[in-house]
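Colleague: First the structure, which I've put down as structure tokens, then a few questions once you've had a look.
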């Protein structure tokens, strides 16, 4: 039986200008919950509503572990091991097109990983994992149906 625990795996995504992103391959339940919490805000009536301005940022902050981006002095902008506020500040300092490119690369990665996971689930769909609660009667056990003429 396969484990349901998400092992921390990474994937390197190449983006334009020879830069790269190091991202989480998959999220565990806690990481996904934190990502969703960043995407929603409570409305005046207390109901949760998607904060459309935060969706892309929430995905980036949740998946992004490191990158090769440099500052104007040519030094790598350090994000590995930094707090969410520090990574947000680094993301806020880049130009909007680069932010969009990073977001699109991560969203494409999410879509690819989701498709792979769905394919794995479909491959397992043919396997019988449960046992019947009670055995079915067969014709060998005797008459299954009666007819009244």
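The values are calculated or read from the model by the stated rules, or taken from the named source; none is laboratory data. Quick caveat: nothing in here was measured; it's all calculated off a predicted structure. Here the Cβ positions follow ideal geometry from the backbone for every residue, glycine too, while neighbour counts run over all protein chains shown.
Colleague: Regarding region 57-69, can at least one residue be identified that is touching a residue at least 24 places away in the same chain (Cβ under 8 Å), over 27 Å from residue 115 (Cα atoms), in contact with a helix residue (DSSP H, G or I) (Cβ under 7 Å, 6 or more places away or on another chain) and in a helix (DSSP H, G or I)?
Modeller: No, that holds for no residue.
Colleague: Within region 88-131, how many residues are more than 18 Å from residue 10 (Cα to Cα) and at pLDDT 90 or above?
Modeller: 14
Colleague: Which condition does residue 64 not pass, out of (1) farther than 17 Å from residue 15 by Cα; (2) at pLDDT 95 or above, if it passes all the others?
Modeller: (1)
Colleague: Pick out the one residue from 110, 102, 79, 106 that is in a loop (DSSP other than H, G, I, E, B) and surrounded by 14 or more Cβ atoms within 10 Å (Cβ to Cβ).
Modeller: 79
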